[in-house]
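Participant: My questions all concern the structure below.
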Amino acid sequence: MAKRQYAIIGMGRFGSSVATALTDMGYDVLAIDSNEQRIQDISNIVTHAVSANSTDEDALRALGIRNFEVVVVAIGQDIQSSILTTLILKDMGIPTLIVKAQNELHGKVLEKIGADKVIFPERDMGLRVAHHLTSPNILDYIELSDDYSIVEMKTSSQMIGKNLKELELRARFGCNVMAIKTGTKMNISPNANELLDEEDVLVILGQKDDLNKLEQAFAK
C-alpha cells in the first residue's frame, strides 16, 4: 500500500509543528510557504520544501498538489490568502482539506467554501490551559462539538481507593468514563468495581456543562 502523502501550506509555528510531527511518524510531507527563510528552516526536516505563493493556482498545479490526498492550510494572519488558497484547492478536487482558522467568522467562511475540517489551534490551546488552571487534575481537554467534550482527568484524592460504581459519575454528573489509562496501558472496558489508583487517568465523555461540574467537584 502506498504511503499517504501530506502537503502543508504555511510554515508558521502551527504548520511547521504539523509538518515535523507527520515526518517523524514516517509520512512524506511537502512543505509550502512564500517565505524563503521558513522553507530553508524546514527543508532538512520534511521530504520536500518549496517556496511558492499558495494563491497562485498555476504554481500549485506545477507542484502536483492534486496528487496529495490531504492538504493542510496553516496560513497565519493573512485571512484573505487562507480563504483564496482554500477555494483554489477545493476547485482542484483535493480529497481532504484541513484549514486553520483565526476566529469563528473565519471558520464559518472556510466551512461555507468547502473545508472538510476547520481547526482553531489558539482557541483549543486556550481551552486546555483554562481547564488545567481551574482544575489541576485535568491533563487534556478535547472539544468534540459545540455541546460535547472529552477530558483526561487524573484521579483526585477523593477518587483514590474507590471504584466507578461508588463514584456514580454518570448518575451525579451525566458523564461517561470511556477508558482508564494506567501508565502506557489503556483499559477501554473498565470494570465498575475496580478500585482506582493514584496513577490512573480517567478518559471521560460528557456535555460541557456537566464536565465543568465534575471538574469542580474533584478540583481539590
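Participant: Residues with beta-carbon under 12 Å from that of A179, excluding A179: net charge, scoring Lys, Arg +1 and Asp, Glu -1?
Facilitator: Values: positive: K181, K185; negative: E152, D200.
With Lys, Arg at +1 and Asp, Glu at -1, the neighbours total 0.
Participant: What do you reckon, how do H48, H106 stack up by accessible area (1.4 Å probe), largest on top?
Facilitator: H48, H106
Participant: Just check the stretch 42-102 against the gyration tensor rule for me: Cα atoms, a ≥ b ≥ c as the square roots of the eigenvalues, rounded for a/c under 1.5, and otherwise prolate or oblate depending on whether a/b exceeds b/c. Show your work: numbers first, answer last.
Facilitator: Working: a/c = 1.42, a/b = 1.13, b/c = 1.26.
Rounded shape, in that the Cα axes give a/c under 1.5.
Participant: Consider a paramagnetic label point 7 Å from the Cα of V50 along Cα→Cβ; state which residues of the stretch 5-22 have an amide N under 14 Å from it.
Facilitator: 6-10
Participant: Excluding G10 itself, what net charge comes from residues whose Cβ is under 12 Å from its Cβ, given Lys and Arg +1 and Asp and Glu -1? Don't skip to the end; give the middle numbers.
Facilitator: Working: positive: R13, R38, K100; negative: D33, D78.
Local charge sum for G10: +1.
Participant: Run the 1.4 Å probe and let me know the accessible area of M186, rounded to the nearest 10 Å².
Facilitator: Taking all protein chains as shown, M186 has close to 100 Å².
Participant: Turning to a different aspect of this structure: Using just the helices of the chain, give the 222 nm mean residue ellipticity in deg cm²/dmol: DSSP H runs with n ≥ 4 each add -39,500 (n - 2.57), and the total is spread over all residues, rounded to 500. List each step's numbers first, then the result.
Facilitator: Numbers: 9 runs with 81 residues, N = 220.
Taken over the chain, the calculation gives -10500 deg cm²/dmol.
Participant: Can you tell me the length gained on complete extension of the stretch D209 to E152, counting 0.36 nm per residue apart and subtracting the Cα distance? Walk me through the numbers on the way to the answer.
Facilitator: On the way: separation 57, 0.36 × 57 = 20.52 nm, distance 1.59 nm.
Length gained, D209 through E152: 18.9 nm.
Participant: In percent, what relative contact order does the chain have, based on Cα pairs under 8 Å that are 6 or more apart in sequence? Please report the intermediate quantities before stating the final value.
Facilitator: On the way: 408 pairs, mean separation 29.6, N = 220.
In percent, rounded to a whole number, it is 13.
Participant: Could you compute how much accessible surface L167 exposes when probed at 1.4 Å, giving the result in Å² to the nearest 10?
Facilitator: Roughly 10 Å² of L167 is accessible to a 1.4 Å probe.
Participant: Set the Förster distance to 35 Å, then compute FRET efficiency between R61 and M125 from the Cβ-Cβ distance, nearest 0.05. Mind dumping the intermediate values first?
Facilitator: Numbers: r = 34 Å, r/R0 = 0.98.
Computed FRET efficiency for R61 and M125 comes out at 0.55.
Participant: Using 0.36 nm per residue of separation minus the Cα-Cα distance, give me the extension gain between A192 and D28 in nm, one decimal. Write out the running numbers ahead of the final one.
Facilitator: Working: separation 164, 0.36 × 164 = 59.04 nm, distance 4.34 nm.
Between A192 and D28, full extension yields 54.7 nm more.
Participant: Please work out how much length the chain gains when fully extended from E36 to R172, using 0.36 nm per residue of separation minus the C-alpha to C-alpha distance, in nm with one decimal. Intermediate values should be presented prior to the final figure.
Facilitator: Values: separation 136, 0.36 × 136 = 48.96 nm, distance 5.59 nm.
That pair, E36 and R172, stretches by 43.4 nm at full extension.
Participant: Note down the nm distance, to one decimal, between modelled labels 7 Å out along Cα→Cβ at E199 and at S145.
Facilitator: A separation of 3.7 nm, rounded to one decimal place.
Participant: Here is a further query. Among the aspartates and glutamates, which have Cα under 13 Å from the Cα of K108 when same-chain residues fewer than 8 positions away are ignored?
Facilitator: Within reach: D116.
Participant: Calculate how many DSSP beta bridges within the chain are antiparallel, expressed in % of all such bridges and rounded to the nearest 5.
Facilitator: Details: 21 of 41 bridges.
If I count the DSSP bridges inside the chain, around 50 percent turn out antiparallel.
Participant: Can you pull the accessible area of E166 for me, 1.4 Å probe, Å² to the nearest 10?
Facilitator: Per-residue accessible area (E166): approximately 110 Å².
The values are calculated or read from the model by the stated rules, or taken from the named source; none is laboratory data. All of these numbers come straight from a predicted model, not from anything done at the bench. Neighbour counts run over all protein chains shown; Cβ positions are idealised from the backbone, glycine included. Calculation scope for accessible area: heavy atoms of the full protein, side chains included, ligands and nucleic acids excluded. Shrake-Rupley method; radii C 1.70, N 1.55, O 1.52, S 1.80 Å.
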